[in-house]
Amino acid sequence: MNAKAGPTSLPEIDVEEFRKVVRSRRSIRRFTDDPIPEQVLEDCLELATLAPNSSNLQPWEFYVVQTPELKAKVAHACLGQNAAKSAAVLIVVVARPDSWRDHARQALKDWPEETMPPIVEKYYRKVAPIHYNQGPLGVLGLAKKAAGLAVGLTRPVPRGPYSHCEMKIWATKSTALAAQNLMLALRAHGFDSCPMEGFDECRVRKLIKLPAKGLVTMVVAAGRRAENGVYNRQYRFDQRQLVHYL
Ligand SMILES: Cc1cc2nc3c(=O)[nH]c(=O)nc-3n(C[C@H](O)[C@H](O)[C@H](O)COP(=O)(O)O)c2cc1C
């Protein structure tokens, strides 16, 4: 059943279908020549952007590299990895630590309901500009950090982002979640992916003409998995080592 999604009506979920998607996703190092249909790619990108993200400021961008010539150049910049060379599409997943101001304004303008809850309006109009603005050379961030240290002695306070560097982490967290949604969506459509951080960032940036403040979080190679596309058995460390119930 596919009930209309809403606060009171949720679709029925089949956890086994979800498990299949998660369990069958692997990092694929060789793809077939099959293209990814345009509507599949579009759907996967839309599902990617439904990832949870900080303050709903959506600090990401996706550069979809499809044309053979540019794809070959980006694959070369991905250190000539097989996953990149054989992919049908290379998606450069970019974090934008600098887009929060424009996106806050856009949220105020494009709010999808008749009236914006006052608390949300206050957040985008007043809180976000304080929270995310680090000021020239990061001086505002330093002032916020000092204030946070003082006030934090007596009550819980947000401990950042307090610098341009922390803004990069801020944007990268949300962007990585979108990348994961993208890869799971590809799997759900019967396609596959390989996230890559093995790339020459300078070259990738230049090839996709990325504005100076954008950060390449990952390049996601995507396509149909080849028979020899999985290099080894999937393994993870023992849960008892890494999961802590408190
Ligand atoms: C941030 C990130 C960067 C990665 N970079 C590469 C890469 O450059 N090349 C590659 O072949 N795999 C890369 N991988 C894939 C990992 O090697 C892979 O996820 C890991 O070995 C676990 O295998 P699995 O994804 O099949 O479960 C990357 C994964 C992540 C999350």
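The values are calculated or read from the model by the stated rules, or taken from the named source; none is laboratory data. Quantities reported herein were computed from a predicted structural model and do not represent experimental measurements. All Cβ positions, even for glycine, are placed from backbone atoms using ideal geometry, and neighbour counts span all protein chains on display.
Screening G141, G135, G80 for residues that are within 30 Å of Y231 (Cα to Cα) and either more than 23 Å from the chain's Cα centre (by Cα) or not assigned by TED's automatic domain parsing to the domain that holds M196 (or both) leaves exactly one candidate, G80.
Count of the range 82-103 residues, restricted to those that are touching a Phe, Trp or Tyr at 6+ places or on another chain (Cβ under 8 Å) and in a loop (DSSP other than H, G, I, E, B), is 4.
Out of E201, E166, which single residue is under 23 Å from K73 (Cα atoms), out of contact with any Leu (no Cβ under 8 Å at 6 or more places or on another chain) and more than 10 Å from the ligand (Cβ to nearest atom)? Exactly one residue qualifies, and that residue is E201.
Looking only at residues of the range 169-198 that are part of a loop (DSSP other than H, G, I, E, B) and more than 9 Å from the ligand (Cβ to nearest atom), we find that the one that is nearest to K71 (Cα to Cα) is F191.
Can you find a residue that is of a type in the set (V, I, T), within 22 Å of the chain's Cα centre (by Cα) and modelled with pLDDT of 95 or more anywhere in the range 94-113? Yes: one or more hits.
Please work out if L215 is among the aliphatic types (A, V, I, L, M) and out of contact with any strand residue (DSSP E or B) (no Cβ under 8 Å at 6 or more places or on another chain). No; evaluated as a whole, the condition is false for this residue.
With the condition kept exactly as written, say whether any residue in the range 173-195 is assigned by TED's automatic domain parsing to the domain that holds P35, modelled with pLDDT of 95 or more, surrounded by fewer than 14 Cβ atoms within 10 Å (Cβ to Cβ) and under 25 Å from E16 (Cβ atoms). Among the residues of the range 173-195, at least one is assigned by TED's automatic domain parsing to the domain that holds P35, modelled with pLDDT of 95 or more, surrounded by fewer than 14 Cβ atoms within 10 Å (Cβ to Cβ) and under 25 Å from E16 (Cβ atoms), which makes the answer yes.
Among residues of the range 22-79 being in a loop (DSSP other than H, G, I, E, B) and among the β-branched types (V, I, T), the one that is nearest to the ligand (Cβ to nearest atom) is I28. The condition (being more than 30 Å from V120 (Cα to Cα), out of contact with any strand residue (DSSP E or B) (no Cβ under 8 Å at 6 or more places or on another chain) and modelled with pLDDT of 95 or more) is satisfied by just one residue among A87, A72, A51, A83: A72.
Identify all residues within the range 97-119 that are of a type outside the set (S, T, N, Q) and either closer than 12 Å to L57 by Cβ or in contact (Cβ under 8 Å) with a residue 12 or more places away in the chain (or both); write none if there are none. Those that are of a type outside the set (S, T, N, Q) and either closer than 12 Å to L57 by Cβ or in contact (Cβ under 8 Å) with a residue 12 or more places away in the chain (or both): P97, D98, W100, R101, D102, H103, A104, R105, A107, L108. Considering only residues in the range 204-245 that are in contact (Cβ under 8 Å) with a residue 60 or more places away in the chain and among the small types (G, A, S), the one that is farthest from the ligand (Cβ to nearest atom) turns out to be G214.
Of all residues in the range 152-163, count the ones that are closer than 16 Å to I130 by Cα and among the β-branched types (V, I, T).
So the count comes out to 1.
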